Amino acid sequence: MQFISIYRKTSPNDLGAVDKHNRVIYRSEHLRNSGFLERENDGEKFKVLRYVDDCDPSILMTVSDMLELIEDMKIVINESKNDVEVNNHLKEIVFMCKLCIWNIDNFYLEISPWGTNADTYPSDLPEEYRFNISSL
């Protein structure tokens, strides 16, 4: 499973890894997203997803990074059209890219195989869309 997070940059070139948990803007995850996001064996087909794996995070910081991920997401959204939950989650990732593009000097996106404490998610959110919008 991959965890997709938007973080606030500490400065344009400093990601501030030390206090990342305090700078999270938005986060999404889905138990079945690996099959769509981990595409290292499809290098010819994907520009960003070919680097997503279960070993290390992928960090996207520029508009071109986000646009390339959106292009990759178009492909996997089409592949997931029979799985409404995953399809909604993948569309949520496109929204996250758009949010970063709108705030490119302040935000960056990270796709990571390492999870986070569930307590970091707002507890006020209803359980059915606390971790993603898949059930909407």
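The values are calculated or read from the model by the stated rules, or taken from the named source; none is laboratory data. Being a predicted model, the structure only gives us computed values, none of them experimental. FYI the Cβ positions are ideal-geometry reconstructions off the backbone, even for glycines, and counts take in every protein chain you see. Remember, those area values only see protein heavy atoms, side chains included, never the ligands or the DNA or RNA. Shrake-Rupley method; radii C 1.70, N 1.55, O 1.52, S 1.80 Å.
Restricted to the stretch 72-106, and to residues there that are out of contact with any helix residue (DSSP H, G or I) (no Cβ under 8 Å at 6 or more places or on another chain) and among the polar types (S, T, N, Q), the residue that is nearest to N33 (Cα to Cα) is N88.
Counting just the residues of the stretch 44-64 that are of a type outside the set (K, R) and more than 19 Å from P113 (Cα to Cα), which one comes out surrounded by the fewest Cβ atoms within 10 Å (Cβ to Cβ)? Taking the candidates together, the pick is E44.
Of all residues in the stretch 74-119, those satisfying the criterion of being in a loop (DSSP other than H, G, I, E, B), open to solvent by 40 Å² or more (accessible area, probe 1.4 Å) and under 20 Å from Y51 (Cα atoms) are W114, G115. Remark: pairs (first residue in the stretch 117-136, free of Cβ contacts under 8 Å to residues at least 12 places away in the same chain; second residue polar (S, T, N, Q); Cβ separation under 7 Å; 6+ apart in sequence or on different chains) = E128/S135; Y129/S135. The residues in the stretch 25-71 that are in a strand (DSSP E or B), touching a helix residue (DSSP H, G or I) at 6+ places or on another chain (Cβ under 7 Å) and of a type outside the set (A, V, I, L, M, F, W, C) can be counted, and the count is 3.
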